[in-house]
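**Student:** Once you've had a glance at the structure underneath, I'll fire off some questions.
Please treat every number below as a calculation from the coordinates, not as lab data. Please read these numbers as outputs of a predicted model, since none were measured by experiment. Glycine also receives a Cβ, built like all others from the backbone with ideal geometry; neighbour counts cover every protein chain displayed.
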Amino acid sequence: MHLILDTAREFRRVLERQIRRVPSLRGITVVNLFFEPSTRTRISFELAEKRLSADTINFSISDSSLSKGESLKDTAQNIEAMKIDLVVIRHKSPGAPHFLSRCIDSVIVNAGDGAHEHPTQALLDLLTISDHFSTLSGLNVSIIGDISHSRVARSNIYALRAVGAKVTLCAPPTLLPVDIGQYGCRVTHRLDEALEGCDVAMALRQQFERRHAGLVPSVREYHDQFGIKLAHLERHKNLRIMHPGPVNRGVELAGEVVDHERAIILDQVTNGVAVRMAVLYLLSGRQAASGLDALSDDA
Ligand code: CP
């Protein structure tokens, strides 16, 4: 993770230049397979590929033969037969990227698989937090919201704990996984407890599309009990607010909190491009051949 974050910091310098492009992945072909809607992840992967001078193909279900009944395995094998190098996949089924890695030889990058994991989101979150605090070790991070259906929560728990942060999970009991004890995190059902001594509050969207109805009495009651409001920012003067997006204003965060100067949500989005450049570059094998010198030349 530290190698990826250090490489992302190098690429961030490229993105601040007048010409935001390097030749690091020239000759590499990347296919973006997005089987679920996405704004941030899809566009930032696409931008990352273009900034690295890769050739990119975007695939969507509606205009592919998947809509005629072709399987994921057959689709991937046919695309690979056209000579590609990397596949970025978002899929509603947990484990879809791992399944694909057994079907084809191309490098597979997980851009979010169901309620399982979203590794590049956790990496860009770590990079964003590290911009605001001198060390990640010992930092108090509270993840608040629909933990049981959130791939972002799972990847962040693993990543944050690996770098020594202390993680608190805050949700109504109905939105916590049954195996919550195995994650090594403090658990509370009270927002005030989660925010006490907290450095970063990471709010999560209610994943209505992944769950059955009735897990919270109403959206309004959820906001009353678990929504972060301006009063919380006034009470906790150093608290930073994060959210992976898309935000439901007035549900997990009050609108004024989203727009507050201590909300670093758009920094997360900015860092997404550099982190995805780093992941693609390191997985392409180009780094082994050329070292980080490849970052210094314009395309
Ligand atoms: N954070 C995130 O995954 O957002 P998108 O669904 O818009 O890609």
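**Student:** Taking θ = phi - 60°, what integer Hz values does the Karplus form 6.51 cos²θ - 1.76 cosθ + 1.60 yield along the stretch 177-186, in sequence order, with x for Gly and Pro?
**Tutor:** For the stretch 177-186, the Karplus-derived couplings read x, 5, 9, 4, x, 7, 8, x, 10, 6 Hz, x marking Gly and Pro.
**Student:** Between the alpha-carbon centers of the stretch 24-90 and the stretch 97-116, tell me the distance in whole angstrom.
**Tutor:** 12 Å
**Student:** Once you wrap a convex hull around the alpha carbon atoms of the chain, what is its projected area averaged over all directions, in nm²?
**Tutor:** Convex hull of Cα atoms, orientation-averaged projection: 16.2 nm².
**Student:** Taking amide H positions as placed 1.01 Å from N in the peptide plane, with prolines and chain starts having none, which residues 5 or more places from Ala54, or on another chain, fall under 5 Å of its amide H?
**Tutor:** Under 5 Å from the amide H of Ala54: Leu25.
**Student:** Here's something else I'd like to know. Amide H neighbours of Phe34 under 5 Å, counting only residues 5+ apart in sequence or on other chains, H built in-plane at 1.01 Å?
**Tutor:** Sorted by chain and number, the residues that satisfy this are Phe59, Arg90.
**Student:** Which whole-number percent is the relative contact order of the chain (Cα, under 8 Å, 6+ apart)? Provide the component values of the computation, followed by the final result.
**Tutor:** Values: 522 pairs, mean separation 65.9, N = 299.
The value is 22 percent.
**Student:** Please check: in the Gaussian network model of the chain (C-alpha springs, under 10 Å), which one of Pro217, Pro23, Pro119 has the largest mean-square fluctuation.
**Tutor:** Pro217
**Student:** Then there's this: Name the residue from Pro217, Gln182, Ala203 whose Cα lies farthest towards the positive end of the charge dipole of the stretch 177-234, charges +1 on Cβ of Lys and Arg and -1 on Cβ of Asp and Glu.
**Tutor:** Pro217
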